[in-house]
1. P280 passes all but one of (1) farther than 21 Å from E80 by Cα; (2) in contact with a helix residue (DSSP H, G or I) (Cβ under 9 Å, 6 or more places away or on another chain); (3) surrounded by fewer than 20 Cβ atoms within 10 Å (Cβ to Cβ); which number fails?
2. If I filter region 118-150 down to residues being assigned to a loop (DSSP other than H, G, I, E, B) and at pLDDT 90 or above, which single residue comes out as nearest to the chain's Cα centre (by Cα)?
3. Within region 119-130, is even one residue over 16 Å from I74 (Cα atoms) and surrounded by 23 or more Cβ atoms within 10 Å (Cβ to Cβ)?
4. Show the residue pairs that are 6+ apart or on different chains and have beta-carbon atoms under 6 Å apart, the first residue being within region 243-254 and farther than 13 Å from V289 by Cβ, the second being open to solvent by 30 Å² or more (accessible area, probe 1.4 Å) and assigned to a helix (DSSP H, G or I).
5. Working carefully through the options E110, E153, find the one that is under 22 Å from D16 (Cβ atoms), among the acidic types (D, E) and either touching a Phe, Trp or Tyr at 6+ places or on another chain (Cβ under 6 Å) or at pLDDT 90 or above (or both).
6. List every residue pair whose Cβ atoms lie under 7 Å apart, where the two residues are 6 or more positions apart in sequence or sit on different chains, the first residue falls within region 25-52 and is farther than 15 Å from I229 by Cβ, and the second residue, located anywhere, is acidic (D, E).
7. Which condition number in (1) farther than 28 Å from M46 by Cβ; (2) among the aliphatic types (A, V, I, L, M); (3) open to solvent by 60 Å² or more (accessible area, probe 1.4 Å) is the one that A244 fails?
8. Let me confirm something: among P219, P190, which residue is in a loop (DSSP other than H, G, I, E, B) and closer than 11 Å to G73 by Cβ?
Amino acid sequence: MSDTALLSIGRRALPDASLPGVADARLLPDTEFQEAWASIALPTDMKDRMLRGAVAGIQLRQAVPFDAVPLHGITLLTGEPGVGKTTVARGLADKIARGLPSDPPWVFVEVDPHALASASLGRSQRSVENLFGTVLDETASVGPLVVLVDEVETLLTDRAALSMDANPVDVHRAVDAALVGLDRLARRHPHVFVLATSNFPDAIDPALTSRADTVIRVPLPDRTARRWILEHTVTAIAAAFPGARSLLTADSLDVAADHAEGLDGRRLRKAVAAACSRNPEAQGDPNRVTAQDLLDAIDHARETS
């Protein structure tokens, strides 16, 4: 293994987080990711189905030849900003490691596509080739690996929509390099699982979409999910500011959940925080937040979104 690319942590070597394109690297399971999974509210059984699909895919790839069942180990999560795609992906990585325990343990690597871009001709392609062909390949050669590529359309932009006049040829070559890298990982390392997220699936190169074993659209929270998110957020605030418990009545939560239709989880949680400063007389004291403050904050969030 390359001493400059990987750092030894116990029984595994993690990619150096200072390398171009590496946003995070850690061992799995991970308590932070476990909590992230628990904090996401999705339609009934969606998380369970997601996990079953991932586990089945990994086991199939380890036992069945690629040419017979061409699974690339790629799951693409799409949806509007704020619905929790990245949080779901991190939580799923943790659940995979817990469901398929390994020695040596699983490694998680988050890729930052923006860090791979460069104005210098040829550098983006070389950075992508190094990340997929050296760093990730060396990491996967030791043991199981989950890779998260957030905002994947940045790295794998639809080449048909690019202008050769406006976009340097390096962008096209970088897309080619990423696809080759994913193919190489899929064939060499059946214990590699790739999660990709996108707010703009139409901007993704079709070659990646065709490689994805599963494409999952993460929806806006329904009423049940909205009520759960509200209760979860208020409970957290009330742990520090007991006066906020007044929002935890069934009536308050039910009405607020109805008002919040169309809001994503992120905006909904921010609306609860905004409610704490809504009333001038409360002077920003979360202990004095009221149910009406919450409704007003939710209505404002809907108007501005």
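1. Going through the list (1) farther than 21 Å from E80 by Cα; (2) in contact with a helix residue (DSSP H, G or I) (Cβ under 9 Å, 6 or more places away or on another chain); (3) surrounded by fewer than 20 Cβ atoms within 10 Å (Cβ to Cβ), P280 breaks only (2).
2. So, considering only residues that are assigned to a loop (DSSP other than H, G, I, E, B) and at pLDDT 90 or above, the one nearest to the chain's Cα centre (by Cα) is D150.
3. Yes, the conditions are met somewhere in region 119-130.
4. Once the first residue is farther than 13 Å from V289 by Cβ and sits in region 243-254, its partners that are open to solvent by 30 Å² or more (accessible area, probe 1.4 Å) and assigned to a helix (DSSP H, G or I) give L253/R227; L253/E231.
5. It is E110.
6. L28/D94; P29/D94; D30/D94; F33/D94; Q34/D94
7. Result: A244 fails condition (3) only.
8. P190
The values are calculated or read from the model by the stated rules, or taken from the named source; none is laboratory data. On a predicted model such as this, the values are computed, not experimentally measured, just so you know. Backbone-built Cβ (ideal geometry, glycine too); neighbour counts: all protein chains shown. The protein model used for the area step is the full one, side chains on, heavy atoms only, and it has no ligands, DNA or RNA in it. Shrake-Rupley method; radii C 1.70, N 1.55, O 1.52, S 1.80 Å.
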